[in-house]
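Heads up: the structure comes next, in structure tokens.
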Amino acid sequence: MTDQTRRSFLRQAALGTAAVLAYPSATVLGANDRIRVGMIGVGDRGNDLLGEVKGIHGVEIVAMADVYSRRRDEAKRRVDGIQTFDDHRRLLDLKDLDGVIVASPLHTHVRHFLDTLAAGKDLYAEKTMAWSIPEAEKCLAAAKDSGRVVQIGLQYQSSGALFDAQQWIKDGWLGKVTHVESWMSRNTPHGKGQWVRPVPSDCTAQNVNWSAFLNGRPDRPFDPFRLINWRLFWEFSGGNVAENMVHQMAWIMTALDLPLPSAAYMSGGVFSEKDGREVPDTIAVTLDFPKDIVVTWQSTFSNKHYELGDRILGSDGTIEHHFDEAAQYWPEKTNRPNGDATRGHAPDQNHMANWIECIRSRGTPNAPPEIGYRSAIAVHMSNLSYKNKRRITLEEARAITPEY
Ligand SMILES: NC(=O)c1ccc[n+]([C@@H]2O[C@H](COP(=O)([O-])OP(=O)(O)OC[C@H]3O[C@@H](n4cnc5c(N)ncnc54)[C@H](O)[C@@H]3O)[C@@H](O)[C@H]2O)c1
């Protein structure tokens, strides 16, 4: 029996013909079935994810699509027999793909997200879910309608620290939480801006599908600097709130079960290196939430002493969390005199393996579209506040037509 017919047989046995007709592509896979994966956008992050998924037992990387020939050549060296395309639609035409991993630039996320679901594939979509609020709304709606397993690349949703924090909060160890402070900081040598990458000599118009990269942005001659350094420019990027705050905000929102923010204020500017970038490198965000909670996030690119962390401040206790470390808890003796300080011990889960497991079980992964959406809205409300130089409510943010 070929792989394809064995699978169809297993699916029919598991589901019955009616269900198979309703969901003609992969729906239930047995423990011994290989999961066939494709990838869209295999640059820096995509190569990390390729390594992760390659290491998971029972997964086969079948194909990748990238607009830049260098990336396709790299993938061929890393994965024997991989099919490569310069247009993601050709990859999505492949019938026997179970899941697709998207790690393309932010301004292309919505297209890759929607097209992957429309093609009936399960999806691992890098954060931030989409470039704007209307796009994030479309992604959420499509994910809900699709019946597909969708994991957002918010890997700290799979951290043991989150599971511990949720438990402590559920157990009432924090009391009333009114404020969360969070921060993220980096540094670079003088004269070298954070994120700036050199343009490889083979990055030429001949080697790049430039119109696919532009993805509907105004046409212009090939610009290799923008292709490689898309993160620095609003039309492709959401700046550091989309790159990093989103991880922390998703973590905090999940720990405290927060709804969408009611308002955002963001100040800052391009202060560290004035190298032509548009997105700010120095940022202070204040997010108001309906449950009487204010969350602040502060970021700089010219000092990394305090690196990155979150502090959840409650009347009865404090949770502190630094990425890749266990969460810690301290009681507020005023209100919890007999409480003990604790260090969390829940193990981290592998975020990619969690997606693959859910492809098999049809379960809900640790970072479903719903948290991708909530964290994306927090990102875009913050950026809209920065661009408009004023506090922006959720209703106002939803009414603003996105511009770059
Ligand atoms: N979860 C994390 O910790 C994490 C870390 C880094 C980056 N990311 C996210 O991953 C994504 C990619 O970031 P990166 O640093 O790898 O960027 P990158 O520029 O290194 O890689 C993007 C790749 O997409 C390709 N590409 C561009 N347009 C395309 C299109 N229309 N179709 C197919 N391929 C296209 C580019 O050629 C490039 O190879 C971003 O959304 C970023 O926020 C997530």
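The values are calculated or read from the model by the stated rules, or taken from the named source; none is laboratory data. From a predicted model like this one, the values you see are computed outputs, not experimental measurements. FYI the Cβ positions are ideal-geometry reconstructions off the backbone, even for glycines, and counts take in every protein chain you see.
Could we say that residue 365 is outside any strand (DSSP E or B), modelled with pLDDT of 95 or more and under 16 Å from the mean Cα position of the chain (by Cα) here?
Yes.
Has region 211-225 got at least one residue that is crowded, with 20+ Cβ neighbours inside 10 Å, within 14 Å of the ligand (Cβ to nearest atom) and farther than 30 Å from residue 320 by Cβ?
Yes, region 211-225 has at least one match.
Say we look at region 320-354 and pick out the residues that are assigned to a loop (DSSP other than H, G, I, E, B) and either among the small types (Gly, Ala, Ser) or touching a Cys at 6+ places or on another chain (Cβ under 6 Å) (or both); which of these is farthest from residue 183 (Cα to Cα)?
The extreme case among them is 339.
Kindly provide the set of residues from region 160-192 that are part of a loop (DSSP other than H, G, I, E, B) and either surrounded by fewer than 19 Cβ atoms within 10 Å (Cβ to Cβ) or within 12 Å of the ligand (Cβ to nearest atom) (or both), ordered by number.
171, 172, 175, 176, 186, 187, 188, 189, 190, 191, 192
Select the helices (runs of 4 or more DSSP H) contained entirely in region 54-121, then report the ones holding at least 3 residues which are surrounded by fewer than 20 Cβ atoms within 10 Å (Cβ to Cβ) and free of Cβ contacts under 8 Å to residues at least 40 places away in the same chain.
69-78, 109-118
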